[in-house]
Structures are given as C-alpha cells and as structure tokens.
Amino acid sequence: MTDGNLDGGLSSQRTAQESVPDRIRHLILSRTLVPGQRIVQSELAERLGVSRTPIREALHRLESDGLVKLSPHKGASVADLSISELKDIYSIRIASEGYGAYLAAQNVTNQDLVELEGLLRRMREVFDQGDRWHLLAVNREFYAVLYAIAEQPRLYALIMKHIDLADMYRRMAFAIDHYYGHTIADHEELLATFREANPQAAEGVTRDQLQQTLASLLLFLEQTAPV
C-alpha cells in the first residue's frame, strides 16, 4: 500500500513539474503576468507548488518561445507584446497567405486533399483532448502542407517564416477561448474551398480568417493592457 501511494505521489509530482511551462505560459498569455513584469522564481515556484528547478527550466524554454526575457543581471521578466509588431507580421501574413492559398487551390490534387483531411482529423482529435499547444503544432503542419501545394518556394519560405515569427501571437490566440473554440470550424471552411478547387474562395477565406485573428488579438491586448 505504501509503495503504491509513493508511486502515485511521485507520478503526481512529475506531472506537476512537466506542466510548469504550460502553466507559466497561461499566466503570461492570460496577462496574469503582465509584459515587462519581473519574474521572481521563488515566488512563482511557491505559487505553482513546485521547486525552483522546473521553474528555471521552464523559463529557458519560454525564452525560446519569445514569451520571457532572461538577463544575467536582471533575471527573468515577461516579454513585451508589441501591437506594432503584431500588425506588421499579420499584414504580411494576410497578403502572402491569401495569395498562397489562391495558388494552392489551383494546384490541389486528390492526394493533397487526403493529406490535408488527415491533418484536420488529427486536429479534431487533439482539440477534443483539450491540448492547445499540441493543436498549435498540428495547425502549423497543416499550413506547411497546404502552402507547399502552391509550388512557389520563395513564397512558401516567406509564409512559413512569418507564421513562425507570429508564434508568440498565435499562442496568445490559442489562449483566447473564443478564438480557440472556432479553430476547427475555420480549417473546415478553408478545406472546403480546396475540395471545390476554388482559388478565389480560398484566398478570401484565408484573408478573412487572418484579419479576424488580428482583430481578436488587438482587442485582447487592448483589454488586458496594464493600467
């Protein structure tokens, strides 16, 4: 009995530590920890009920995501989220991805559709599991396959570069329940235009969805801006 309880306790402790990056990410994206705020590791460890080691490891991981800044002199702080940068990145995404979707819908084959539909099924499965960050990864894979269909290497590189530059903001979008709740329906709408091989509709849907994402993010930043 004792060994069973011990195993259960160790398992729970491991689970808590493994979830630390996601828990801190949620605090940042929900603006519980605000941009520019200094992160005191001991206080955060106490708040999350873990030791300082997983906190330190999580902060290094979140630095690579662009959510945390680490300084040898000032320690850790929440990264600033720039409205001007957000607008700049999404203006390029709207133009390039709209055109990319237009070209891809012209070239799409039955084999391409099978691959895209398989990725959409994976997205539904992950969505049902409630794993937002895994869904974000599959979401990127969906776009990587979709825009490759256009067979325009330089355009593809530009699109994927700006999808990755937008990673911090895409994570923020997935933290917004209203946006996250519509992500599968949005992809189903886009894929429908590819089944119809309708380039104009594919471009229009892509541009509209990205503009809606930008509007949601701007509203979120305005509503949660520090007073």
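Within the group E46, E85, E63, which residue is more than 17 Å from the chain's Cα centre (by Cα) and of a type in the set (D, E, K, R)? Talk me through it step by step, then tell me what you get.
Numbers: E85 fails: more than 17 Å from the chain's Cα centre (by Cα); E63 fails: more than 17 Å from the chain's Cα centre (by Cα).
Being more than 17 Å from the chain's Cα centre (by Cα) and of a type in the set (D, E, K, R) holds for just one of E46, E85, E63, which is E46.
Checking the structure you have, find out if any residue of segment 154-167 is outside any helix (DSSP H, G or I) and either touching a helix residue (DSSP H, G or I) at 6+ places or on another chain (Cβ under 7 Å) or within 16 Å of A104 (Cβ to Cβ) (or both).
Within segment 154-167, the subset outside any helix (DSSP H, G or I) is 166.
Filter again for either touching a helix residue (DSSP H, G or I) at 6+ places or on another chain (Cβ under 7 Å) or within 16 Å of A104 (Cβ to Cβ) (or both), leaving 166.
Yes, the conditions are met somewhere in segment 154-167.
When only residues in segment 61-90 that are assigned to a loop (DSSP other than H, G, I, E, B) and among the acidic types (D, E) count, which is modelled with the highest pLDDT? Break it down stepwise before answering.
Of the residues in segment 61-90, the ones assigned to a loop (DSSP other than H, G, I, E, B) are 65-67, 72-74, 79-82.
Narrowing the set further to residues that are among the acidic types (D, E) leaves 65, 80.
On the way: D65: 70, D80: 78.
Taking the candidates together, the pick is D80.
For D112, are the conditions met, namely being outside the structural domain of Q152 (by TED's automatic domain parsing) and in contact (Cβ under 8 Å) with a residue 60 or more places away in the chain?
no
Looking at (1) of a type outside the set (S, T, N, Q); (2) closer than 14 Å to R93 by Cα; (3) over 17 Å from the mean Cα position of the chain (by Cα), which is the only condition E189 fails?
Failing condition for E189: (2).
Just the residues that are surrounded by fewer than 18 Cβ atoms within 10 Å (Cβ to Cβ), touching a residue at least 60 places away in the same chain (Cβ under 8 Å) and within 27 Å of Q129 (Cβ to Cβ), please, taken from segment 176-223.
Matches in segment 176-223: I184, E188, R195.
Which members of segment 121-140 meet the condition of being buried (at least 16 other Cβ atoms within 10 Å of the Cβ), touching a residue at least 24 places away in the same chain (Cβ under 8 Å) and among the hydrophobic types (A, V, I, L, M, F, W, C)?
If the condition is that a residue be buried (at least 16 other Cβ atoms within 10 Å of the Cβ), touching a residue at least 24 places away in the same chain (Cβ under 8 Å) and among the hydrophobic types (A, V, I, L, M, F, W, C), then M123, F127, L135, L136 are the ones that fit.
Has segment 93-104 got at least one residue that is on the phi < 0 side of the Ramachandran plot, of a type in the set (D, E), at pLDDT 90 or above and assigned by TED's automatic domain parsing to the domain that holds Y169?
For segment 93-104, residues on the phi < 0 side of the Ramachandran plot, of a type in the set (D, E), at pLDDT 90 or above and assigned by TED's automatic domain parsing to the domain that holds Y169: present.
Checking the conditions here, which among R61, R122 is assigned by TED's automatic domain parsing to the domain that holds H187, within 21 Å of V138 (Cα to Cα) and touching a helix residue (DSSP H, G or I) at 6+ places or on another chain (Cβ under 8 Å)? Let's see the steps before the verdict.
Working: R61 fails: assigned by TED's automatic domain parsing to the domain that holds H187.
Of the residues listed, the single one that is assigned by TED's automatic domain parsing to the domain that holds H187, within 21 Å of V138 (Cα to Cα) and touching a helix residue (DSSP H, G or I) at 6+ places or on another chain (Cβ under 8 Å) is R122.
Taking the stated definitions as given, is I55 under 22 Å from the mean Cα position of the chain (by Cα), more than 17 Å from M172 (Cα to Cα), assigned to a helix (DSSP H, G or I) and at pLDDT 85 or above?
yes
Does Y143 satisfy the criteria of being under 14 Å from the mean Cα position of the chain (by Cα), surrounded by 15 or more Cβ atoms within 10 Å (Cβ to Cβ) and within 12 Å of G100 (Cα to Cα)?
yes
The values are calculated or read from the model by the stated rules, or taken from the named source; none is laboratory data. Note that this is a predicted model, so its numbers are computed, not measured. Positions of Cβ are generated from backbone atoms using ideal geometry, with glycine treated the same way; all protein chains shown enter the neighbour counts.
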